[in-house]
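Undergrad: The structure is given below, and queries will be raised subsequently.
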Amino acid sequence: QVQLVESGGGLVQAGGSLRLSCAASGSIFSFNGMGWHRQAPGKERELVARIIVTGRTNYADFVKGRFTIPRDTAQNMVYLQMNSLKPEDPAVYYCNADRNRDSYWGQGTQVTVSS
């Protein structure tokens, strides 16, 4: 049973920074890739950032240059470092992991940005 537990959400002022954490219940090398998605009210869930097993990363255009997705392979942790947060970034952020044809999700963590 794969478990992903997010933490680190909260309220931050526009222009500020926040770091989200995702703790995986097993080795993150067992996954093809891990990522962060977000879903704002009334909108579809969208990919924010992803890191594959080799360490290669990709980012949605709307976060390039502001967000990064570092990982700690010894601790089985993946992070989302969010800098220069904008009023359009508030959403529930979800950690995701893919293994072959299976996809796993965390419970989500709320990020709120005040202007």
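The values are calculated or read from the model by the stated rules, or taken from the named source; none is laboratory data. Treat the numbers as computed from the prediction; the structure is a model and nothing was measured. No Cβ is skipped: glycine too gets one built from the backbone with ideal geometry, and neighbour counts run over all protein chains shown. Heavy atoms of the whole protein, side chains included, go into the accessibility calculation; ligands, DNA and RNA do not. Shrake-Rupley method; radii C 1.70, N 1.55, O 1.52, S 1.80 Å.
Undergrad: Which members of region 53-64 meet the condition of being open to solvent by 50 Å² or more (accessible area, probe 1.4 Å) and of a type in the set (A, V, I, L, M, F, W, C)?
TA: Residues of region 53-64 that are open to solvent by 50 Å² or more (accessible area, probe 1.4 Å), as a first pass: 53-54, 56-59, 61-62, 64.
Residues satisfying the conditions are V53, F62.
Undergrad: Which of the residues that make up region 47-56 are over 15 Å from S103 (Cα atoms) and under 12 Å from the mean Cα position of the chain (by Cα)?
TA: Within region 47-56, V48, A49 meet the criteria.
Undergrad: Go over the candidates R19, R38 one by one and state the one that is assigned to a strand (DSSP E or B), farther than 13 Å from N76 by Cβ, open to solvent by 60 Å² or more (accessible area, probe 1.4 Å) and at pLDDT 95 or above.
TA: It is R19.
Undergrad: Shifting gears a bit: Taking the options V78, V2, name whichever one is open to solvent by less than 50 Å² (accessible area, probe 1.4 Å), modelled with pLDDT of 95 or more, hydrophobic (A, V, I, L, M, F, W, C) and within 16 Å of C95 (Cβ to Cβ). Show your work before the answer.
TA: Values: V2 fails: modelled with pLDDT of 95 or more.
The match here is V78.
Undergrad: Can you tell me how many residues within region 57-107 are of a type in the set (G, A, S), part of a strand (DSSP E or B) and farther than 21 Å from K43 by Cβ?
TA: We begin by selecting, within region 57-107, every residue of a type in the set (G, A, S); these are 60, 65, 74, 84, 91, 97, 103, 106.
From what's left, part of a strand (DSSP E or B): 91, 97, 103.
Next cut, farther than 21 Å from K43 by Cβ only: 97.
Matching residues across region 57-107 total 1.
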